[in-house]
Amino acid sequence: MYKVTSTDATTLEVDRTGTGPALVIVTGAFNTRQSSKDLAALLAADFTVYEYDRRGRGDSGDTPPYEIARELEDLYAVIRSTGEQQGDGSAGAPPFVYGHSSGAVLALDAAASGVPMTKLAVYEPPLMFDHPVPLSTVESLNALVAAGDLDGAAKEFMRGTGMPAEQIEWVSHAPFWPGMLAIAHTLPYDQLLCVTGSASSDWLVSVSVPVLAIAGGDSAPWALAAAERIASVVSTATVDTLPGQNHAVEAAAVAPLLRSFFTAS
């Protein structure tokens with residue numbers, strides 16, 4: 001575990017495990033660096049895995065006001081730190097990056113912005129190109145957070161993902177609900193990333209690194225549609241699906257695919 005300081009002096013907490021080429025994991029909404037521990041453990045034999053708390057989550061700081069550019073700087077700071085941390089002779093190579101959900105949108109945006117990475121794998125970035133979500137959804141979440149209604153913000157965010165009411169009710173009474181509420185103030189960040197990214201797919205043209213866009217075989221239709229749109233715009237992108245998986249992909253299901261993609265020459 002170590003700390004990284006971003007451009008605006010925000011401190012980010014990073015965990016490092018394993019050996020081999022660097023691999024940075026970027027998590028999505030309701031997630032901290034603790035959320036990817038099972039995946040990191042499965043990949044640690046082949047990669048030095050870096051997991052970090054995105055700003056406002058876990059042990060990382062959160063300097064207002066929020067801007068997507070600040071999160072891009074955060075990821076860049078973590079990626080730079082991998083070169084300093086690597087001790088196996090691979091320090092000169094940019095890391096591999098894997099992003100899940102809104103973390104996948106962030107990772108794609110970073111790649112399009114020129115943040116150095118060797119390859120990028122993304123799992124179900126919520127890019128609704130065919131049915132863009134209005135910016136008012138971000139404003140609504142911000143209003144709930146400002147009013148201190150984190151419970152309301154979390155439930156509204158989940159409704160926006162299409163989660164059925166009965167499932168939201170179950171989640172809100174689950175033992176992990178307090179942990180979700182602890183970082184619910186960052187939900188407008190995730191929403192802004194997805195709303196902005198879904199406005200157009202033109203920005204993806206700037207992505208030049210090899211990309212693997214993954215969707216679950218049991219996921220909603222938008223997931224595969226997003227992966228296919230990415231592949232249609234990014235010349236270096238390919239699409240794969242994981243049978244039996246949905247948005248909450250199992251670490252054991254996605255780890256072999258990531259290992260194969262990142263180690264292929």
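The values are calculated or read from the model by the stated rules, or taken from the named source; none is laboratory data. Small disclaimer: the values here were computed from a predicted structure and weren't measured. We place every Cβ from the backbone using ideal geometry, glycine too, and count neighbours over all the protein chains shown. Remember, those area values only see protein heavy atoms, side chains included, never the ligands or the DNA or RNA. Shrake-Rupley method; radii C 1.70, N 1.55, O 1.52, S 1.80 Å.
The set of residues in region 227-248 being crowded, with 16+ Cβ neighbours inside 10 Å and either part of a loop (DSSP other than H, G, I, E, B) or modelled with pLDDT under 95 (or both) consists of Val234, Gln245, His247.
Applying the set (1) in a helix (DSSP H, G or I); (2) open to solvent by less than 60 Å² (accessible area, probe 1.4 Å); (3) not acidic (Asp, Glu) to Val122 leaves exactly one unmet item: (1). Please verify whether region 160-176 includes one or more residues that are open to solvent by less than 50 Å² (accessible area, probe 1.4 Å) and either under 17 Å from the mean Cα position of the chain (by Cα) or under 28 Å from Thr63 (Cβ atoms) (or both). Scanning region 160-176, I find no residue that is open to solvent by less than 50 Å² (accessible area, probe 1.4 Å) and either under 17 Å from the mean Cα position of the chain (by Cα) or under 28 Å from Thr63 (Cβ atoms) (or both), so the answer is no. Cβ-Cβ distances below 7 Å connect the following pairs, each with a first residue in region 162-175 that is part of a loop (DSSP other than H, G, I, E, B), a second residue that is surrounded by 10 or more Cβ atoms within 10 Å (Cβ to Cβ), and a separation of six or more residues or different chains: Gly162/Ala220; Ser172/Lys155.
Would a scan of region 77-90 turn up a residue that is modelled with pLDDT of 95 or more, hydrophobic (A, V, I, L, M, F, W, C) and either more than 23 Å from Thr7 (Cβ to Cβ) or touching a Leu at 6+ places or on another chain (Cβ under 8 Å) (or both)? Among the residues of region 77-90, at least one is modelled with pLDDT of 95 or more, hydrophobic (A, V, I, L, M, F, W, C) and either more than 23 Å from Thr7 (Cβ to Cβ) or touching a Leu at 6+ places or on another chain (Cβ under 8 Å) (or both), which makes the answer yes.
State all residues of region 189-225 that are in a strand (DSSP E or B) and of a type in the set (D, E, K, R); if no residue qualifies, say none. Correct list: empty. Open to solvent by 10 Å² or more (accessible area, probe 1.4 Å), within 17 Å of Leu72 (Cβ to Cβ) and among the hydrophobic types (A, V, I, L, M, F, W, C): does that describe Leu181? So Leu181 fails the test. Regarding region 128-149, can at least one residue be identified that is farther than 28 Å from Ile214 by Cα, hydroxyl-bearing (Ser, Thr, Tyr) and either in contact (Cβ under 8 Å) with a residue 40 or more places away in the chain or part of a helix (DSSP H, G or I) (or both)? Checked against the condition, which is being farther than 28 Å from Ile214 by Cα, hydroxyl-bearing (Ser, Thr, Tyr) and either in contact (Cβ under 8 Å) with a residue 40 or more places away in the chain or part of a helix (DSSP H, G or I) (or both), region 128-149 yields at least one hit. Where helices (runs of 4 or more DSSP H) sit wholly within region 10-119, those with at least 3 residues that are in contact (Cβ under 8 Å) with a residue 40 or more places away in the chain and open to solvent by less than 50 Å² (accessible area, probe 1.4 Å) occupy 68-85, 102-112. Taking region 198-226 as the range and being open to solvent by 60 Å² or more (accessible area, probe 1.4 Å) and either within 15 Å of Val254 (Cα to Cα) or among the polar types (S, T, N, Q) (or both) as the test, the residues that pass are Ser206, Ser208, Asp218. Taken as a whole, the structure leaves Arg229 outside the set of residues that are under 20 Å from Leu39 (Cα atoms), among the charged types (D, E, K, R) and in contact (Cβ under 8 Å) with a residue 40 or more places away in the chain.
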